[in-house]
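So the structure is just underneath, and the comments pick up after that.
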Amino acid sequence: MERTPVSAADWTSIEVPQDIRLVVADMDGTLLDEHSEIPQGFWPMLARLRSRGVEFVPASGRQYATLRAMFADKAAQVLDGGELSYIAENGNVVAIDGNIAEVHGVDTDVTRWTIDTVNASAAAGEYDMGLVLCGLRTAYVQRTDKPFLDEVGKYYAALEIVDDLHSVLEDVIASNGESDTMLKLAILDFDDAEAMAAEKLTPLKNDYQVVVSGKLWVDIMNATTDKKQGVEALQRVLGVTAAQTAVFGDYLNDLQMLSAGQWSFAMGNAHPALKQAAHFVAPSNADHGVLPVSYTHLRAHETLRHL
């Protein structure tokens, strides 16, 4: 049995009251349950958070269009037409109240190198992997088998299949970026993404972020971009401090983000590195752990208002 590091306390040890104004939660392995679904109890919690002036923000490696497809319609009903803010593409897109506030991208050199590296490795049978070029307008793939498209489709609602990813890059270059913006490069490896990244992507690590964002996924991003930067952008706009921020995560692409909130939670199912970095350990995503912790903060917030 894995032992929880002493640096992370159980969530039940939270002291009250706290003046939480911002709750940021990763999606897969965190807010979403073991079936990759939003828990039914989330929606009444969202309404109660907003009624108390607390902003809830999904923060994900998923595409902005995918997050809006998952949340926007139901959130509008719950929030009387209101819009959620989002941190998408692991911090490369920050949207606040329906407006894109920040966009970050990768350059053509790393994009070209990554296309060639993935194509060569897949052709040689070294790894069962494929590349997704993550544009602001849509995502692009050239691998077309059903297992690959099924997995990619979970995270990219706007998806275009092309014959050659190089052609997408050349269109971006020729249009001076007006055709689309390459936000990040996502590699899907059906075997072992972390091992593949260590072997194939080490040459990039001095100049770019190479982030293992799940058991099957590795993201290559701008060196200065991560979910933490997205949280800090929201804090600036909303006038919220780190002491007023609760952050939830489960995997390595959430690691930096934990330091953006004084109330940082690693899920019970989290990667060991997250449990070492977080202040608290929450129940697992299968136990809908974001919900009871958030309700604890809500009750504390309501207590504070009456002091």
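Things worth noting here:
- Of the residues making up the stretch 227-235, not a single one is open to solvent by 40 Å² or more (accessible area, probe 1.4 Å) and touching a strand residue (DSSP E or B) at 6+ places or on another chain (Cβ under 6 Å).
- For beta carbons closer than 9 Å, sequence separation of 6+ or different chains, a first residue in the stretch 154-170 that is in contact (Cβ under 8 Å) with a residue 60 or more places away in the chain and over 24 Å from residue 120 (Cβ atoms) and a second that is in a loop (DSSP other than H, G, I, E, B) and among the basic types (Lys, Arg), the qualifying pairs are 154/62; 155/62; 157/62; 158/137.
- Of all residues making up the stretch 171-192, the number that are at pLDDT below 95 and closer than 18 Å to residue 126 by Cβ: 2
- Of the residues making up the stretch 183-205, those that are open to solvent by 10 Å² or more (accessible area, probe 1.4 Å) and of a type outside the set (D, E, K, R) are 190, 195, 198, 202, 203, 204.
- Top-ranked residue in the stretch 213-242 [being of a type in the set (Lys, Arg) and under 27 Å from residue 187 (Cα atoms); ranked as farthest from the chain's Cα centre (by Cα)]: 215
- Odd one out for residue 115 among (1) touching a Lys or Arg at 6+ places or on another chain (Cβ under 9 Å); (2) β-branched (Val, Ile, Thr); (3) in contact (Cβ under 8 Å) with a residue 40 or more places away in the chain: (1)
- On the stretch given as the stretch 8-55, residues that are β-branched (Val, Ile, Thr), surrounded by fewer than 22 Cβ atoms within 10 Å (Cβ to Cβ) and assigned to a helix (DSSP H, G or I) total 1.
The values are calculated or read from the model by the stated rules, or taken from the named source; none is laboratory data. What you see is a predicted model; the values in this text were computed from it and never measured. Cβ sites come from the backbone with ideal geometry, for glycine too, and all protein chains shown count toward neighbours. Keep in mind that these areas ignore ligands, DNA and RNA; they rest on the heavy atoms of the full protein, side chains included. Shrake-Rupley method; radii C 1.70, N 1.55, O 1.52, S 1.80 Å.
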